[in-house]
Amino acid sequence: MIQMYVMINKEYKRKSFNRAALTYDSCSDLQDKISDNLIHRLNSIELNPINILDLGCGTGRNGIKLRRKYEMSEIINYDFSENMLREARQKQQLISSKKNKISPYSYICADIEEIPLEEDSLDLVWSSSTIQWCNKLDSVFDQVKKILRPGGLFIFSTFGPNTLNELREITENLSKEKKTNTFIDIDSISDSLMYSGFSPPILDVENFKVTYKDVRKLFFDIKGIGATSGNVSKNSGLSGKSFTKNIIKNYEIYRKNNLLPASYEVIYGHTWNIPKPNTD
């Protein structure tokens, strides 16, 4: 097999998420559950943040959850998809208007690999099911550390390398092309956080199996949340109706109890911005 390094085409991803803004909520039950699990992890952490950055906010559901938990906090919604931010704004402003309150939400459209915020300005940076779309994770962690106040918390979830392994194996067997997985393993995430100067992170893994009667519904959900690959590959034969038909045919080897599985490896983590030592 040919070994390839896979980069994410960020402009392609931005367009994919823009197209998926209206379908995201109906196709993202797993992502919603993952963010609930992340909220649950916050319950064991003593924290009263003045301001929170939702990094990769999508349609704004997580900002609402965070505001429900931290009722006095300001929430900054951050995404590089204009349409996702538009959905977030409409959803959150509607809630604020019903309560006759000034909205605690603000909105920034930018890439998370280039965060245009001031140093030491945030108490909590939250990112759920987002950082797997970064090409330079070290740079993202460096920037998150920079914008967090000393003692601030970074909490996140992301997908690990065993995510969609059924689909990946079929695709690689059909294409005879071995791709370097864009999903980063837990040890590499830990090393990268430590290298950026964070405290030793608390990390754990949870595995999910989502089942489908028809693999086309899996494709529909992937497209519906904007998670189509976006990988930069020189092989132009990895798309088209014929290739898709072959994937559908070969996916049947995984059928059990009349259902087809889709595996997801979810990595949860949190870490603190270690205060800089006093050199005086």
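Computed from the coordinates by the stated procedures, all read-outs in this text should not be read as laboratory data. If you're wondering where the values come from, they're calculated on a predicted model, not measured in any experiment. All Cβ positions, even for glycine, are placed from backbone atoms using ideal geometry, and neighbour counts span all protein chains on display.
Nearest 10 degrees, 0 to 90: what angle lies between the long axis of helix 186-195 and the longest principal axis of the chain (Cα atoms)? With rounding to tens, the tilt is 40 degrees. Largest GNM mean-square fluctuation among 221, 204, 54, using the chain with Cα springs under 10 Å: 204. Length available on full extension from residue 246 to residue 40: 0.36 nm per residue minus the Cα-Cα distance, which gives 70.1 nm. Taking a ≥ b ≥ c as the square roots of the Cα gyration tensor eigenvalues, region 31-138 comes out rounded, since a/c falls below 1.5. By the count of neighbouring beta-carbon atoms within 10 Å, fewest first, 268, 12 end up ordered 12, 268.
Under 20 Å between alpha carbons, and skipping anything fewer than 8 positions from residue 213 in its own chain: which lysines qualify? Residue 213 reaches 223, 245, 249, 256.
Ranked by how many other Cβ atoms sit within 10 Å of their own Cβ, fewest first, the residues 206, 114 fall in the order 114, 206.
Label separation (residue 216 vs residue 10): 3.7 nm, computed from points 7 Å beyond Cα along the C-beta direction. Scaled to the globular estimate 2.2 N^0.38 Å, the Cα spread of the chain, given as radius of gyration, is 1.04. Within the straight-line cut-off of under 18 Å between alpha carbons, the lysines reachable from residue 101 are 65, 69, 91, sequence neighbours fewer than 8 places apart in one chain being disregarded. By the beta-carbon count within 10 Å of each Cβ, the least crowded to most crowded order of 158, 59, fewest first, is 158, 59. A Förster distance of 25 Å, applied to the separation of the beta-carbon atoms of residue 48 and residue 142, puts the FRET efficiency at 0.45. The length gained by stretching the chain between residue 103 and residue 276 to full extension, at 0.36 nm per residue less their Cα-Cα distance, is 58.9 nm. With a cut-off of 18 Å, note down the residues of region 154-168 whose backbone N falls inside the zone around a label point 7 Å from the Cα of residue 191 toward its beta carbon. From region 154-168, the list is 160-162.
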